[in-house]
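Heads up, the thing below is written out as structure tokens.
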Amino acid sequence: MDHSMEQAVEQVHQAADTVVAAAAHAPDLHYAIWLLLFPLIGVVFNGLILRKNIPEKMTGWLGSFMIIASFAVAVKLFFELLKLDPHLRAIDVTFFQWLHVGSLQIDFAFLIDPLSVVMILVVTGISSLIHIYSIGYMHDDPRFRVFFTYMNLFVFFMLLLVLGNSYPVMFIGWEGVGLASYLLIGFWWEDMAKATAGMKAFVVNRIGDFGVLIAMFLMFSHLGTLTFSEVFPAAANAWSNDINNGVVIAIGLMLLLGAAGKSAQFPLYVWLPDAMAGPTPVSALIHAATMVTAGVYMLARSNMFYMLAPTAAYVVAMVGAVTALFAATIGLRQNDIKKVLAYSTVSQLGYMVMACGVYAFGAGIFHLMTHAFFKALLFLGSGAVIHTMHGGLHHINDHHTDPQDIRNMGGLRKKIPITYWTFLLATLAISGIPGFSGFFSKDEILAYSFMNFNSGGSILPYALGLIAAGITAFYMFRLVFLTFFGKYKGPEGSEEGLHESPGTMTIPLIVLAILSVVGGWIGLPAVFGEHLNKFAGWLDPVFHPGFEAVRYHPEHLAVPMEWALIAVAVTVSLIGIILAWNFYMKQKRQAIPDDQQSGFGKVLWQKYYVDEIYDAGVIRPLINTCHFLWKQFDEKVIDGGMVHGTARTVRWGGGVLRTLQGGVVGSYAVMMVIGVIVILLSLYIR
């Protein structure tokens, strides 16, 4: 064991030497600042310069073009790194000094490496498609220009988050996406429910932010740095001989708290379903490829701490696995098309977090990427369905029927075939059907979970993840069958107004559908050959040195066992699909009306009463405490005793003095006599 630790420390020193060598031979990547400048230009022009008399489409295409330009820069950075030796693909790009106070030395700098490049490609690529889609979806909205301003602002902060080369720079973007998400979720703030949803997201995320701050304080106090290229080797040197040290466990758990807030993990997931109150493009942008993946990115970037603290890693794995199953079961009984996808997002994020907990950081990022493809497609597809339903309801001037309730849909595949086929492809991908992108990434996570168990870990993450996979396939095909098959259940006459969405909405659907099919082919399972997983090879320099430094690789599974795991996962998904077909196609069951919910189904429909528990156990006591302090302490003690009491005392004193200065000569004479008597008495007493 001592020998292995000596090797670990030696590997850390070798990694540090590699970083120095990389800096000496690194290309000039200062043009990466344009990744941020392009969306910032969009914010300035749409938010400050352009006015309402500018054509709507001009502002929409301006905002979209700025994100497309950032995507072009991201592609160029990818090819720049591709030219370099794999172990030289970590380049710090410093722009200026930021915080230099005492021993705290933080520059405003980017870390351009395989992980950050994957993130900026996903963020800018998916965001470009969502921006184009929004031109059609937000048409005629009175705050169209403001919407694109907020969207560009969100992308700006998200790019800063994934590009920062230190925790403080990352934290600026971390807080920025929280602000931008608040503005976007509550975009239609005239509706109190939508405004409240924005506030809920903002407040819950602050809880997670507290964890990130505590983690940074612990890192700096024990390691003296917060820059990625320094803090991880320093952590390995400090704790490689003291695995599961209390400090490193605390850092890992505080980072998990931050990730639970931003990536909607149990129990801080409650903000994400309510965030569906925002426009559908916001749901796709925030909940598919960007904000909710920030926590997963931070866990993957901080992989060294979990290598040094297996206890913290196990907690991460269990939180992810429980979240995956918990949210999947809630999705079984939801009837709002966007709420179903919201709980699906929470569940899929659970898989990503679980991957980080079983040391499959690359697999977690792989699922982050494929999830961005099919979940953005599902959200945009749901937006197209809602857009179609709005058209039908507008045709008969119906403002009461909910266009998002799947109980008002049915038979839409003939009316909107492009939306239907693209939505179906995304559903196959998220269900883990072989050949589609979601299969490759989800299978890799489950395989690593089983490998972790095979190497002495717990079987629970694998078991919970497997069950969640089957439930996911069931509720997603339930959604497809109730939305696109059977008879149309909307108001009479509205069917004549149903139509396919415009090209600005359907073209992004088609592009995402292609990615949902082929996007996972760069990460083929190990059973086909290790060299065929190009995605893992690309990320290997980011995770491999840290892994080798403090922990052995888990034992690889035999080929028959790998095939068996694939067969089990696919079988579970197929069972879910077959059950959904049997219930909703063969037996023609419908979604249960709200007033007929009962038993455990009602518990699922009520989302395990978690919001009610929070309301009764946290929110109401806090409000009551604040009300008590306001009425009893603020009004009576602060206002009554100090503020008003002081004023009353001064007023009383002034009144007394005023009576003494009445201007009557006789009164002055009496006071003089009294004064003389008092003086004489005092002299006499002495």
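The values are calculated or read from the model by the stated rules, or taken from the named source; none is laboratory data. If you're wondering where the values come from, they're calculated on a predicted model, not measured in any experiment. For neighbour counting, all protein chains shown are included, and Cβ atoms are generated from backbone atoms with ideal geometry for every residue, glycine included. We work out accessible area using only protein heavy atoms, side chains counted, and drop any ligands, DNA or RNA first. Shrake-Rupley method; radii C 1.70, N 1.55, O 1.52, S 1.80 Å.
Return the long-range amide H neighbours of Ser166 (sequence gap of 5 or more, or a different chain), with a cut-off of under 5 Å between placed amide H atoms.
Correct list: Phe228.
For the chain, what is the calculated [θ] at 222 nm in deg cm²/dmol (nearest 500), taking -39500 (n - 2.57) for each run of four or more DSSP H residues and dividing by its residue count? Numbers along the way, then the final one.
Numbers: 27 runs with 459 residues, N = 686.
Dividing the helical sum by the residues of the chain leaves -22500 deg cm²/dmol.
How large is the accessible surface of Ile510 in square angstrom, using a 1.4 angstrom probe and rounding to the nearest 10?
Here the accessible area works out near 80 Å².
Determine the dipole magnitude for region 556-686: charges of +1 sit on the beta-carbon of Lys and Arg, -1 on that of Asp and Glu, nothing else is charged, the reference point is the Cα centre, and the result goes in debye to the nearest 20. Display every interim value, and only then the final one.
On the way: 12 positive and 9 negative charges, 100 e Å.
For this selection, approximately 480 debye.
Determine the dipole magnitude for the chain: charges of +1 sit on the beta-carbon of Lys and Arg, -1 on that of Asp and Glu, nothing else is charged, the reference point is the Cα centre, and the result goes in debye to the nearest 20. Present the calculation step by step, with values, prior to reporting the outcome.
On the way: 39 positive and 43 negative charges, 415 e Å.
It comes to approximately 2000 debye.
Taking the Cα of Met671, stepping 7 Å toward and past its beta carbon, and measuring to each backbone N in region 621-662: which are under 15 Å?
Only 653-662 fall inside the zone, counting backbone N under 15 Å.
Helix 56-82 versus the longest principal axis of the chain: what angle, 0 to 90°, nearest 10, using Cα atoms?
60 degrees
Quick one: if the Förster radius is 51 Å, what FRET efficiency do Ala463 and Leu84 give, using the C-beta to C-beta distance and rounding to 0.05?
Values: r = 41 Å, r/R0 = 0.81.
Taking R0 as 51 Å, the efficiency between Ala463 and Leu84 is 0.80.
For Lys602, which lysines qualify as cross-link partners when the Cα separation must be under 22 Å and same-chain residues fewer than eight apart are set aside?
Lys338, Lys339, Lys588
Per residue of region 457-469, what does 6.51 cos²θ - 1.76 cosθ + 1.60 with θ = phi - 60° give for ³J(HN,Hα)? Whole Hz please, x for Gly and Pro, Karplus curve as stated.
3J(HN,Hα) across region 457-469, in whole Hz: x, 8, 7, 4, x, 5, 5, 5, x, 5, 5, 4, 4.
Given Cα pairs under 8 Å that are at least 6 residues apart, what percent is the relative contact order of region 238-317? Write down the numbers at each step before the final one.
Numbers: 76 pairs, mean separation 37.3, N = 80.
Relative contact order comes out at 47 percent.
I need the phi-derived Karplus couplings for region 487-493: 6.51 cos²θ - 1.76 cosθ + 1.60, θ = phi - 60°, integer Hz, Gly and Pro marked x.
Coupling constants for region 487-493: 8, 5, 10, x, x, 4, x Hz.
Could you tell me whether region 359-518 comes out rounded, prolate or oblate from its Cα gyration tensor? Rule is a ≥ b ≥ c as square roots of the eigenvalues, rounded for a/c under 1.5, then prolate if a/b exceeds b/c, otherwise oblate. Don't jump to the answer; show the numbers that get you there.
Values: a/c = 3.35, a/b = 2.24, b/c = 1.50.
Taking the square roots of the gyration eigenvalues as a ≥ b ≥ c, region 359-518 is prolate.
Could you compute the FRET efficiency for Val637 and Asp594, with r as their C-beta to C-beta distance and R0 at 51 Å, rounded to 0.05? Present the calculation step by step, with values, prior to reporting the outcome.
On the way: r = 47 Å, r/R0 = 0.92.
E between Val637 and Asp594, to the nearest 0.05, is 0.60.
At a 1.4 Å probe radius, which order do Val316, Val650, Val559 fall into by accessible area, largest first?
On the way: Val316 0, Val650 100, Val559 80 Å².
Output order, biggest surface exposure first: Val650, Val559, Val316.
Provide the solvent-accessible area of Leu50, counting protein heavy atoms only and rolling a 1.4 Å probe, rounded to the nearest 10 Å².
Solvent-accessible area, nearest 10 Å²: 30 Å².
Amide H to amide H, which residues 5 or more places from Trp98 or on other chains are under 5 Å from it, using H placed in the peptide plane?
Ile106, Asp107, Phe108
With a 1.4 Å probe and every protein chain left in place, tell me how much accessible area Leu460 has, in Å² to the nearest 10.
Number for this one is 80 Å².
Would you rank Thr504, Thr329 by solvent-accessible area, highest first, keeping every protein chain in place and using a 1.4 Å probe? Don't skip to the answer; put the middle values down first.
Values: Thr504 40, Thr329 20 Å².
Correct descending sequence by accessible area is Thr504, Thr329.
Would you list which lysines come within 20 Å of Lys586, measuring only between C-alpha atoms, while excluding same-chain residues fewer than 8 positions from it?
Partners found: Lys414, Lys487, Lys489.
With a point put 7 Å past each Cα toward its Cβ, work out how far Ile33 is from Asp140 in nm, to one decimal.
Each label point lies 7 Å from its Cα, and together they span 4.4 nm.
If you rank Asp540, Asp405 by how much accessible surface each has, with a 1.4 Å probe, what is the order from largest down? Could you put the intermediate results ahead of the total?
Working: Asp540 65, Asp405 20 Å².
Ranking Asp540, Asp405 by accessible area, largest first, yields Asp540, Asp405.
Heavy atoms only, probe 1.4 Å: what % of the accessible area of the chain goes to carbon and sulfur, would you let me know?
Working: 19590 of 28750 Å².
Carbon-and-sulfur percentage of accessible area, whole number: 68.
With all distinct Cα pairs included, what does the Kirkwood hydrodynamic radius of the chain come out to in Å, to one decimal, could you say? Could you put the intermediate results ahead of the total?
On the way: mean 1/r = 0.0366 Å⁻¹.
27.3 Å is the Kirkwood radius here.
Can you give the FRET efficiency for Asp191 and Ile49, using 1/(1 + (r/R0)^6), R0 = 30 Å, r = Cβ-Cβ distance, to the nearest 0.05?
Values: r = 29 Å, r/R0 = 0.98.
Taking R0 as 30 Å, the efficiency between Asp191 and Ile49 is 0.55.
Residues of the chain: accessible area per residue at 1.4 Å, in Å²?
Numbers: 28750 Å² over 686 residues.
Each residue of the chain exposes 42 Å² on average to a 1.4 Å probe.
Per residue of region 209-220, what does 6.51 cos²θ - 1.76 cosθ + 1.60 with θ = phi - 60° give for ³J(HN,Hα)? Whole Hz please, x for Gly and Pro, Karplus curve as stated.
4, 4, x, 5, 4, 4, 4, 5, 4, 5, 4, 5
Need the full-extension length gain, His100 to Cys626, defined as separation in residues times 0.36 nm minus the C-alpha distance. One decimal, nm.
Working: separation 526, 0.36 × 526 = 189.36 nm, distance 3.99 nm.
Between His100 and Cys626, full extension yields 185.4 nm more.
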